[in-house]
Amino acid sequence: MRSADKDRLHDGGARLILAALALLAIPALAGEPPPPSHQKYPAPIQLYVMNCWGCHKPGGEGIPGTVPRLRDTVGDFLHVPGGREYLIEVPGVAGSALSNAEVAEVLNWMLMTFSKNQIPPGFQPYTEAEVAKYRPRELNNVQTVRAELVSKLAAQGIKLPPQ
Amino acid sequence: MDGLVERLTRSVAQRTSRRSFLVRLGQIAMGGAVLPLLPIDRVTSKAGAQTMQEGHSSGGASGDDTTCDYWRYCAFDGFLCTCCGGSITECPAGTVASPTAWVGTCKHPGEAKEYIVAYRDCCGKAQCNRCMCDNNQGEMPIYRTQLNNDTVWCFGSKEMAYHCTTAVILGEKA
């Protein structure tokens, strides 16, 4: 919890003058300006923006050492046994506020958008039923499971960036 | 004559401070700033505001982004960067924007629309302590970290010291 507000009143002529000049500089104090026009996102993008974007970043680039990268990476997991389920079981997905259908939708969108080149041939999109099946197996040891998958991928000659 | 001038100067110096001149000047300047604001036609000026760009929103009773009831702060918890030397979209000097942000939606009062808003903390300096704002619409408990705003969202940043929070519109909710 952050501490309470402690607005302090400053006295002194110099500050008053600065404040007054600052007021003069504001053009109108003109009521509520409408928000700038923004695009509406199609459903899967909106799911990503509202649930994943804050940490995985706009382009799925992640934060090295803190948040896993999705771009040019996430599709690699589909090449090894356990990898497909892993993408449902990771805490950020399994513990998200999304429905199973929404998880399937946003996972498919992420794979196609960020990692199309890594998706193996014959890839079948995730379904709601598949998410429902694997989601309860949320991982408590995500780092260990990831490390195992990464070493299986390395054995196939697929090298993932750290984290 | 010299003595008279000296006595007069000394008495003025004893009765007034150097600041009093600045105060007087400030009052004059303040009056000049406030007077033109008094009778204002908000309907016409609203039309002019249509062209305003993101990050240049200005005040008025219903749209002052330095107050907690500004619509974009509906899920805000922290100090408003607009009171801390930054703006609603930019961190104050000496702080860095966290690479992570938590995302919520807020309804615009003038339109029947909801907008997606990213609350991004500015990190790297002790807390600002001005304009504390604790709304929390749609916030989830701490064990749902992704949707909790009590957490300091500086993680991923080199600096974990929290200073203030910005509120950037990401888009319109479909």
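The values are calculated or read from the model by the stated rules, or taken from the named source; none is laboratory data. Predicted model, so just to flag it, every value in this text is computed and none were measured. No Cβ is skipped: glycine too gets one built from the backbone with ideal geometry, and neighbour counts run over all protein chains shown.
Side notes on the structure shown:
- Summed over the range A:106-163, the residues that are polar (S, T, N, Q) and free of Cβ contacts under 8 Å to residues at least 12 places away in the same chain give a count of 6.
- The one condition in (1) surrounded by fewer than 16 Cβ atoms within 10 Å (Cβ to Cβ); (2) modelled with pLDDT of 95 or more that A:GLU89 fails to fulfil: (1)
- Some residue of the range B:119-129 being within 13 Å of another protein chain (Cβ to nearest Cβ), among the aliphatic types (A, V, I, L, M) and buried (at least 21 other Cβ atoms within 10 Å of the Cβ): no
- Considering the range B:107-118, the residues that are in a strand (DSSP E or B) and more than 7 Å from every other protein chain (Cβ to nearest Cβ) include one that is nearest to A:PRO64 (Cα to Cα), namely B:VAL117.
- Those residues of the range A:45-83 which are within 11 Å of chain B (Cβ to nearest Cβ), in a helix (DSSP H, G or I) and touching a residue at least 40 places away in the same chain (Cβ under 8 Å), in sequence order: A:ILE45, A:LEU47, A:TYR48, A:ASN51
Table: residues versus (1) within 7 Å of another protein chain (Cβ to nearest Cβ); (2) part of a loop (DSSP other than H, G, I, E, B); (3) over 25 Å from A:ARG69 (Cα atoms).
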| position | (1), (2), (3) |
| --- | --- |
| B:THR105 | no, no, yes |
| B:SER157 | no, yes, no |
| B:CYS164 | no, no, yes |
| B:LEU170 | yes, no, no |
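- The number of residues in the range B:123-155 that are of a type in the set (A, V, I, L, M, F, W, C), more than 22 Å from the chain's Cα centre (by Cα) and assigned to a loop (DSSP other than H, G, I, E, B) comes to 3.
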